[in-house]
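Worksheet for the structure shown next.
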Amino acid sequence: VAPPHATRAMAQPGVDMSKMSPDEKEKLYSNATQEMEYRVELFNKMVSSCYEKCMDKKFKDGDLNVGEAACVDRCTGKYWQTVGIVGSMLGAADAQAQQQQMR
């Protein structure tokens, strides 16, 4: 599954699909599908990780208690922050690799 930076260029607004060849459209669709699968997998991993860390397995109440809610908030915030940092690092590494290939 592709990381989010791999198809970022494809997601830019203003792409005129009417001027694209069928192969280009298929590649765009394939990249978008791959990106969506990546994001769903990432979300599911976050849910699983934060659930294991934060939830009381006894299910005493139908709602989250204050401690669980605070833990989930911190956990998801840290998870997305980490994903952003890793994505930035991978994007920078990809840009550097592309520059070196152009030389």
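Worth a mention:
- Boolean, Gln98 is surrounded by fewer than 12 Cβ atoms within 10 Å (Cβ to Cβ), more than 21 Å from Arg39 (Cβ to Cβ) and not hydrophobic (A, V, I, L, M, F, W, C): yes
- Cβ-Cβ under 7 Å pairs, at least 6 apart or on other chains, region 26-49 side among the charged types (D, E, K, R), far side outside any helix (DSSP H, G or I) and open to solvent by 70 Å² or more (accessible area, probe 1.4 Å): Glu37/Val1; Glu41/Val1
- Within region 1-54, considering residues that are open to solvent by less than 100 Å² (accessible area, probe 1.4 Å) and of a type in the set (D, E, K, R), the one modelled with the lowest pLDDT: Asp16
The values are calculated or read from the model by the stated rules, or taken from the named source; none is laboratory data. On a predicted model such as this, the values are computed, not experimentally measured, just so you know. Virtual Cβ from ideal backbone geometry, glycine too; neighbours counted across all protein chains shown. With ligands, DNA and RNA removed, areas are computed over all heavy atoms of the protein, side chains included. Shrake-Rupley method; radii C 1.70, N 1.55, O 1.52, S 1.80 Å.
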